[in-house]
Amino acid sequence: MTTAGSRSPRRTPRRESTLEAILDRAVEIMADVGVAGLTMTRLARALSIQPPSLYKWFPSVLAVHDAVFARGQRANLAAWRAGLEGRPAGLEAVVAGMTATAQWAVTHPVEAQLLFWRPVPGFRPSAAAMAPADELVAELREHLGTAVSRGQLAPGADSADGLVVLASLHFGVVSQHLANEPEAAWADGAYTRSYGRVTELFVAAYPPA
């Protein structure tokens, strides 16, 4: 994350705290007016500062989106890894990790929209912001490969096509929940209650011999 200048300033606890406060308020605004409704003017007003002061922190509203995106991807990766704790490598790890990321998305609907859909015209995340997502996909693919090698899934489950199938099932549930029951808790939502079937459908698509 950079400021309006060409060089990133030195990180300090105070600066990090201020950045977090700015991003928190940005998420609050996006929850009220929609992810694409965030503007520098709205954000500055919510922070009780003048817009030029905000530009000292971010050169544009898309830079704010990128920072929210990066923070969300880091949190999503952390949820994935927390889900893996204590789980054996392979299919069980895949199920636990994917479930954890789905639960994170349900409890962070604003960030989920920005991370997994395209609600902001012209926004493309930076490579740095995408890095945690790349790590997650690499780890997911590794566990799928382990599941294949252990006979838990058929060959191809860890291929690019396999990832497309799994992502379609996973985000299908998340999308339907956020579109139809955004206020429902994970245990209460009609779509989220059925999330366990996602794994069953994926295994059915790549059944072990």
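The values are calculated or read from the model by the stated rules, or taken from the named source; none is laboratory data. The structure displayed is predicted, hence computed values, not measured ones. Because the Cβ atoms are built from the backbone with ideal geometry, glycine has one as well, and the counts that use them run over all protein chains shown. Side chains included, ligands, DNA and RNA excluded: accessible areas come from the protein's heavy atoms. Shrake-Rupley method; radii C 1.70, N 1.55, O 1.52, S 1.80 Å.
Restricting attention to the range 131-140, and to residues there that are buried (at least 17 other Cβ atoms within 10 Å of the Cβ) and out of contact with any Leu (no Cβ under 6 Å at 6 or more places or on another chain), which single residue is farthest from Ala105 (Cα to Cα)?
So in the range 131-140, the residues buried (at least 17 other Cβ atoms within 10 Å of the Cβ) come out as 132-133, 136, 139-140.
Checking which are out of contact with any Leu (no Cβ under 6 Å at 6 or more places or on another chain) leaves us with 133, 139-140.
Values: Ala133: 14, Glu139: 19, Leu140: 17 Å.
Residue satisfying both the conditions and the ranking: Glu139.
Those residues that are of a type in the set (A, V, I, L, M, F, W, C), in a helix (DSSP H, G or I), open to solvent by less than 50 Å² (accessible area, probe 1.4 Å) and closer than 24 Å to Asp32 by Cβ, I need them from the range 72-128; list them, please.
Answer for the range 72-128, where residues must be of a type in the set (A, V, I, L, M, F, W, C), in a helix (DSSP H, G or I), open to solvent by less than 50 Å² (accessible area, probe 1.4 Å) and closer than 24 Å to Asp32 by Cβ: Ala75, Trp104, Ala105, Val106, Val110, Ala112, Leu114, Leu115.
Between a residue in the range 112-137 that is more than 10 Å from Gly72 (Cβ to Cβ) and any residue that is open to solvent by 50 Å² or more (accessible area, probe 1.4 Å) and modelled with pLDDT of 95 or more, which pairs come within a Cβ distance under 8 Å, given they are 6 or more apart or on different chains?
Final answer for the pair search is Pro119/Ala36; Pro119/Gln113; Val120/Ala36; Val120/Leu62; Pro121/Ala36; Gly122/Leu62; Phe123/Leu62.
Quick check on my filter: what residues within the range 145-196 are aromatic (Phe, Trp, Tyr) and not in a loop (DSSP other than H, G, I, E, B)?
Phe171
When the range 164-209 is examined, which residues are found to be in contact (Cβ under 8 Å) with a residue 24 or more places away in the chain, open to solvent by 30 Å² or more (accessible area, probe 1.4 Å), of a type outside the set (Ser, Thr, Tyr) and over 30 Å from Ala31 (Cβ atoms)?
Passing the criteria: Val165, Leu201, Val203, Ala205, Pro207, Pro208, Ala209.
What tally of residues in the range 23-71 results from selecting those that are within 22 Å of the chain's Cα centre (by Cα), without any contact (Cβ under 8 Å) to a residue 12 or more places away in the chain and either at positive phi or not in a helix (DSSP H, G or I) (or both)?
Of the residues in that region, 0 qualify.
Is the range 68-77 home to any residue that is in contact with a His (Cβ under 9 Å, 6 or more places away or on another chain), aliphatic (A, V, I, L, M), modelled with pLDDT of 95 or more and under 30 Å from Asp158 (Cα atoms)?
yes
Can you confirm whether Asp158 is of a type in the set (Asp, Glu) and under 19 Å from Glu92 (Cα atoms)? Step through it out loud before you land on a result.
Values: of a type in the set (Asp, Glu): yes; under 19 Å from Glu92 (Cα atoms): yes.
Against the criterion (of a type in the set (Asp, Glu) and under 19 Å from Glu92 (Cα atoms)), Asp158 qualifies.
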